[in-house]
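Q: Sharing a structure below in structure tokens format, with a few things to ask.
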Amino acid sequence: MPGRWVTFDCYGTIVDWNAGLAAALAEVFGEDDALLPDFHEAEIRAKHGDGYHRYRDVLASSVREMAAARGRTIDDHEADVIGRNWGAIKPYADAGTGLGALRDRGFRLAILTNCDDVLFALTRAQLPVPMDEVVTAEQVRSYKPDHGHFEEFRRRAEPDAWVHAANSWVHDVVPAAELGLPRIWVDRDDSGHDASRASVRIPDFARLAEEADRLAG
């Protein structure tokens, strides 16, 4: 499928991952400002600790670690709180306009996600614009920032021009830079990471299509 492509990380870039995550975790732990940073640290350890594990299991393992750190023992139902609520994670309000503008400029669209196939299917049904290709962690048996997603996408699509757009500096901007890809950092979290690693930094999807067009040449 040669042509001009924009690939995306999905969670945090197209859909509001942190809002959905915070709501799910609050069901088990109540309101707590430490929940999101604690989860993200636990999730990194679960993903990269001892080989590939399906993402829903990574989520449950991360919640169990958070509970143990708080002196709690939780059952399997509580541990699966994020997986059970996955369908409640919604796209950002600007997702449809931003993705649609890329379509209008002739781009094909793809997702490179650390999610598994079953969970991503719940999200895919809610996306305001269809995707032409999806590469999941389950398919490549590895998690970004490893390069497996990018290499598999290149093998499948053989793109003529390829721009990667994502919110996550660690999981997406850094590996895209290592691979020499034009990269749009959609820094929705205003994270303070090194913007020089990105080809361009934008706070939302307002200039997404314009910047992708410029970078794709």
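The values are calculated or read from the model by the stated rules, or taken from the named source; none is laboratory data. On a predicted model such as this, the values are computed, not experimentally measured, just so you know. Quick reminder, even Gly has a Cβ in these numbers, built from the backbone with ideal geometry, and neighbours come from all protein chains shown. When the accessible area is computed, the model is the full protein with side chains, heavy atoms only, and any ligands, DNA or RNA have been set aside. Shrake-Rupley method; radii C 1.70, N 1.55, O 1.52, S 1.80 Å.
Q: What does the charge count around V173 come to, taking other residues whose C-beta lies under 15 Å from its C-beta (Lys +1, Arg +1, Asp -1, Glu -1)? Kindly include the intermediate steps, with their values, before the conclusion.
A: Values: positive: K144, R183, R188, R197, R201; negative: D9, D146, D172, E178, D187, D189, D190, D194, E211.
Net local charge, V173 excluded: -4.
Q: Take the Cα of I44, step 7 Å along the line toward its Cβ, and report every residue of the stretch 173-210 whose backbone nitrogen sits under 20 Å from that point.
A: Of the residues in the stretch 173-210, 173-179, 185-198 have backbone N under 20 Å from the label point off I44.
Q: Then there is this: Which FRET efficiency, nearest 0.05, do D32 and Q126 yield, Cβ-Cβ r, R0 30 Å?
A: E(calc), rounded to 0.05, equals 0.65.
Q: Can you give the accessible area per residue of the stretch 1-128, in Å², using a 1.4 Å probe? Before the final figure, lay out each step's value.
A: Details: 5590 Å² over 128 residues.
Per-residue accessible area for the stretch 1-128 comes out at 44 Å².
Q: Test of understanding: express the Cα radius of gyration of the stretch 149-192 as a ratio to 2.2 N^0.38 Å, with N the residue count.
A: 1.20
Q: Right, here's the next one. Sort out for me the Cα centre separation of the stretch 110-180 from the stretch 31-82, rounded to whole Å.
A: That distance is 23 Å.
Q: If I compute solvent accessible area with a 1.4 Å probe over the protein chains, what percent of it on the stretch 1-89 is carbon and sulfur?
A: With neighbouring chains kept in place, the figure for the stretch 1-89 is 49 percent.
Q: Using DSSP, restrict attention to beta bridges with both residues in the chain and report what percent are antiparallel, rounded to the nearest 5.
A: Details: 1 of 21 bridges.
Rounded to the nearest five, the antiparallel share is 5 percent.
Q: Mind computing the radius of gyration and Dmax over the alpha-carbon atoms of the stretch 1-149? Å is fine for both.
A: 16.2, 53
Q: Residues with amide H under 5 Å of L112's amide H, sequence separation 5 or more or different chain, H placed in the peptide plane at 1.01 Å from N; which?
A: Amide H neighbours of L112, under 5 Å, 5+ apart: F8, D9, C10, V135.
Q: Magnitude of the Cβ-charge dipole of the chain, K/R +1 and D/E -1, about the Cα centre, nearest 20 debye?
A: 620 debye
Q: Evaluate the distance, in nm, between pseudo-label points positioned 7 Å from the Cα of E151 and of A22 along their respective Cα→Cβ axes.
A: 3.8 nm
Q: Keeping all protein chains in position, work out how much accessible area K90 exposes to a 1.4 Å probe, and write it in Å² to the nearest 10.
A: Only protein atoms counted, so the area is about 110 Å².
Q: Continuing with the same structure: So what are the radius of gyration and Dmax for the Cα set of the stretch 159-217, in Å?
A: 10.5, 32
Q: Order 120-130, 52-62 from most to least packed using the mean count of other Cβ atoms within 10 Å.
A: Ranked by mean Cβ neighbours within 10 Å, highest first: 52-62, 120-130.
Q: In whole percent, and with a 1.4 Å probe on the protein chains, what portion of the accessible area of the stretch 123-185 is carbon and sulfur? Numbers along the way, then the final one.
A: Details: 1090 of 2480 Å².
The C+S portion of the solvent-accessible surface of the stretch 123-185 is 44 percent.
Q: For the stretch 175-217, report the accessible area per residue in Å² (1.4 Å probe, heavy atoms, rounded to an integer).
A: Ligands and nucleic acids excluded, the result is 48 Å² per residue.
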